[in-house]
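Structure first, then comments.
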Amino acid sequence: MSQTSPAGPITGATTAIAPSAVPSTAPGAAPSMTPAAAPPTAPPTAASVDPEGRAVPHAVGVSNDEFRAALARLAAGVVLVTAHEPPLSQDGPRGEDAGMTATAFMSVSLDPPLVLVSLRNGSRMDDLLLEQPLWAVSLLTENQRQIAGRFSMKGRISDRLIFADIAHRRGELSGAPLIEGALATLECRTEQRVVAGDHTLVIGRVLTAELPGGEGEPLLYFKGKYRQLGR
């Protein structure tokens, strides 16, 4: 697996954007005084460990361990993000398929239909989607735990052999592998990339949405383990 997360295989860190405060003045009333803005605080620094091995909190906020422990309690669905790396030239070697297990995936908008996945900066999938705007997502069932595990292994050389052992078809629009039997499959085109700390949020417009797996149950990730509903 090319991604890791404080709470699971893949981390998604979405940031809520608060609406700007707009001062208002009632008719006939004197304008209110706006206090001066507070000086900016120093950016958070990476947590360190004291001589006894205890985590030292960030300058602003919690320690890495505290953050991981809290977010591990957030149950998340498991998906496989895939993309096809096109060949460098028409006469060169064929392109490669890439896959990444993710839990930081969510719906963003209905009109237009948008989804979001969080990618670790500098990961293989992050680098690939910088060049390839088309990608796909397969929502895994509880019976596809092995697929999630294989695409989350660190240090794997190539995804080509893994795909050779997994039933899949190629998306008509994206060219990316779509897993057979998945709860749902989506083909997407990148609309926006937002850097957020050590991850990048990739927002994609959904081009196709299909339900190849019928009425199965989802694969979940909770407290560092793959789970099933009610188990």
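The values are calculated or read from the model by the stated rules, or taken from the named source; none is laboratory data. Everything numeric in this text was worked out from a predicted model, so none of it was measured. Backbone-built Cβ (ideal geometry, glycine too); neighbour counts: all protein chains shown. For accessibility, only protein heavy atoms count, side chains too; no ligands or nucleic acids. Shrake-Rupley method; radii C 1.70, N 1.55, O 1.52, S 1.80 Å.
One residue stands out among those in segment 44-80 that are at pLDDT 70 or above and basic (Lys, Arg): the one that is surrounded by the most Cβ atoms within 10 Å (Cβ to Cβ), which is Arg68.
Listed here are the residues, each with its yes/no results for (1) among the hydrophobic types (A, V, I, L, M, F, W, C); (2) in contact with a helix residue (DSSP H, G or I) (Cβ under 7 Å, 6 or more places away or on another chain).
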{"position": "Ile179", "(1), (2)": "yes, yes"}
{"position": "Leu183", "(1), (2)": "yes, no"}
{"position": "Leu186", "(1), (2)": "yes, no"}
{"position": "Arg193", "(1), (2)": "no, no"}
{"position": "Val202", "(1), (2)": "yes, yes"}
{"position": "Phe222", "(1), (2)": "yes, no"}
{"position": "Gly230", "(1), (2)": "no, no"}
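Taken over segment 173-196, residues that are out of contact with any His (no Cβ under 9 Å at 6 or more places or on another chain), farther than 16 Å from Leu119 by Cβ and β-branched (Val, Ile, Thr) amount to 1. Applying a threshold of 9 Å to beta carbon distances and a minimum spacing of six or more residues, or different chains, the list of pairs starting in segment 133-149 at a residue that is within 14 Å of Ala98 (Cα to Cα) and β-branched (Val, Ile, Thr) and ending at one that is open to solvent by 40 Å² or more (accessible area, probe 1.4 Å) and modelled with pLDDT of 95 or more reads Val137/Phe105. When we screen Asp111, Asp126, Asp97 for residues that are among the charged types (D, E, K, R) and free of Cβ contacts under 8 Å to residues at least 24 places away in the same chain, the only hit is Asp111. One residue alone among Ser152, Ser158 is under 16 Å from Ala83 (Cα atoms) and in contact with a Pro (Cβ under 6 Å, 6 or more places away or on another chain), and that residue is Ser152.
Within segment 86-111, the set of residues being out of contact with any strand residue (DSSP E or B) (no Cβ under 8 Å at 6 or more places or on another chain) and modelled with pLDDT under 95 comprises Pro86, Pro87, Leu88, Ser89, Gln90, Asp91, Gly92, Pro93, Arg94.
On the basis of being at pLDDT 95 or above, open to solvent by less than 50 Å² (accessible area, probe 1.4 Å), under 25 Å from Gln228 (Cα atoms) and outside any helix (DSSP H, G or I), does Ala83 make the cut? Against the criterion (at pLDDT 95 or above, open to solvent by less than 50 Å² (accessible area, probe 1.4 Å), under 25 Å from Gln228 (Cα atoms) and outside any helix (DSSP H, G or I)), Ala83 does not qualify.
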